[in-house]
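Shown next, in structure tokens, is the structure this report addresses.
The values are calculated or read from the model by the stated rules, or taken from the named source; none is laboratory data. Please read all numbers here as calculations on a predicted model, not as lab measurements. Cβ atoms come from the backbone with ideal geometry, glycine included; neighbour counts cover every protein chain shown.
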Amino acid sequence: MAEPMVPPTAGLPLIASDLRPWGSADLAGALAQWLGVPAVQLECSGTSALMVALAALKRLAPARTEVVIPAYTCPLVPLAIAASGLQVRLCDLRHDAPDMDAEQLRALCSERTLAVLPTHLCGRVADVAAALECARAVGAYVIEDAAQALGARVHGEPVGWQGDIGFYSLAVGKGLTTFEGGVLLARDAGLRAALQQANRSTVRASLAWELRRSAELLGYAFLYRPRRLGLAYGRPLRSALAQGDWVRAAGDDFAGTIPRHPLGAWRRRVGRRALHRLKRFQARLASQAQKRMARLAAIPGLEPVGDFVPGTRGVWPVLLLRLPSPGARDALMHAHWGAGLGLSLPFVHALPDYGRYGHVLAAARHDRVTQARDWAARLVAISNSPWLDELRFARLLQILQLSALDG
Ligand SMILES: Cc1ncc(COP(=O)(O)O)c(C=O)c1O
């Protein structure tokens, strides 16, 4: 058996009774109630949810062709935009927070802009009000990318509810999971109808994909345990690191094809049962994060990234930390990434620096991304999984203390 391993993010483990093949499959209804909204729409992934949202908006504003996203985000986002026949524009980040720079966002928005995507990176809530102001000034929509932030709230309301459309991911590692899955929400009933129509015209049943995802979810239920995770996560990670392939190690190596099919009934049942435990799990993570963030903040030179928009309460799949220099960050990761201490990178590069996604960025490769590059070079994510016990967290603190001195 492999050594105990900490997963890179705090996913909600499944229990045997979640897997029963009977009972209500109304995950959409249960999620809507959990969030306190009238309705949500399920999709087979966050990426597919984004594509449904873009298809709906395209139909409402066919002359608009550009979508503005943060220059440091999941590469699936520009892949989805390009696959929707739209053009990506990259907005640089603020120097003081991993969120879009409002001034640059204003400069990027024009009558060509279809939508702007404020992104709640790693559970930290983005400034959606600022994005709305820029978008509204040119008649564009706001889609909140809340893929990593199910359960986060703004003035008591769920993230995703401030913009025109919001989406969550139910992929592995995002907290609640159906192995892959996506959730769409919109405050406006007309937009909700447009999302349903876009789903009907773009999503097709696929038994092959559903069988594959069901098998993967079963595998997750079995392997997402400290003593088994080494098999599913530790080995591939160490192999990628041994080859110096950080993009693969971080899981940023996405294929071009984006499956588009409904979320099957069995996986919806599993998700619905696990949802009963999510609130308590997230409260436990928040309390652990609060204590650990304070200890990280006490180390001179380290910058833990907390909630930076007033009135917001994020979720804590990971603790984000900015190191004093790219050299210190890289040395830390070279020495400790594969050691099972829960260290990882949210994303390896600012989007233009992957190279492999250049074809979907097109002209956006030349957008200014100076701060995004700096965030990409100095950020680390520390797993907030409860399996990162006190002993190992204390060891990590010692390592980080030395890294901060390195800077
Ligand atoms: C910020 C962000 N947006 C979108 C996605 C896409 O979600 P999914 O993996 O469910 O397709 C992800 C997934 O990691 C993400 O992190």
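What the table below lists for this structure:
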item: Residue tally, condition polar (S, T, N, Q) and surrounded by 14 or more Cβ atoms within 10 Å (Cβ to Cβ), over the stretch 392-407; result: 2
item: Residue, nearest to Q282 (Cα to Cα), within the stretch 115-134, restricted to residues that are in a helix (DSSP H, G or I) and under 22 Å from the mean Cα position of the chain (by Cα); result: G123
item: Conditions (1) under 21 Å from the mean Cα position of the chain (by Cα); (2) within 16 Å of the ligand (Cβ to nearest atom); (3) hydroxyl-bearing (S, T, Y); number of the one not met by T202; result: (1)
item: Residue check for S214: under 22 Å from W266 (Cβ atoms), more than 21 Å from the chain's Cα centre (by Cα) and of a type in the set (S, T, Y); result: yes
item: The listed residue being within 16 Å of the ligand (Cβ to nearest atom), out of contact with any strand residue (DSSP E or B) (no Cβ under 8 Å at 6 or more places or on another chain) and in contact (Cβ under 8 Å) with a residue 12 or more places away in the chain, out of A55, A25; result: A55
item: Qualifying positions in the stretch 171-200 - buried (at least 17 other Cβ atoms within 10 Å of the Cβ), part of a helix (DSSP H, G or I) and hydrophobic (A, V, I, L, M, F, W, C); result: L191, A194, L195, A198
item: Residue in the stretch 253-271 that is under 18 Å from G11 (Cα atoms), within 16 Å of the ligand (Cβ to nearest atom) and among the acidic types (D, E) present; result: no
item: Members of the stretch 147-190 found to be acidic (D, E) and under 20 Å from Y224 (Cα atoms), listed by number; result: E180
item: Count - residues of the stretch 338-351 that are touching a strand residue (DSSP E or B) at 6+ places or on another chain (Cβ under 7 Å) and modelled with pLDDT of 95 or more; result: 5
item: Residues within the stretch 165-176 that are closer than 21 Å to N199 by Cβ and either in contact (Cβ under 8 Å) with a residue 40 or more places away in the chain or near the ligand (Cβ under 9 Å from one of its atoms) (or both), tallied; result: 8
item: Subset of the stretch 29-46 (residues that are within 16 Å of the ligand (Cβ to nearest atom) and either farther than 17 Å from E144 by Cα or of a type in the set (F, W, Y) (or both)); result: L31, C44
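Each row is one residue, and each column tells you yes or no for (1) surrounded by fewer than 21 Cβ atoms within 10 Å (Cβ to Cβ); (2) within 16 Å of the ligand (Cβ to nearest atom); (3) of a type in the set (D, E, K, R).
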{"residue": "T119", "(1), (2), (3)": "no, yes, no"}
{"residue": "C134", "(1), (2), (3)": "no, no, no"}
{"residue": "D145", "(1), (2), (3)": "no, yes, yes"}
{"residue": "A149", "(1), (2), (3)": "no, yes, no"}
{"residue": "H155", "(1), (2), (3)": "yes, no, no"}
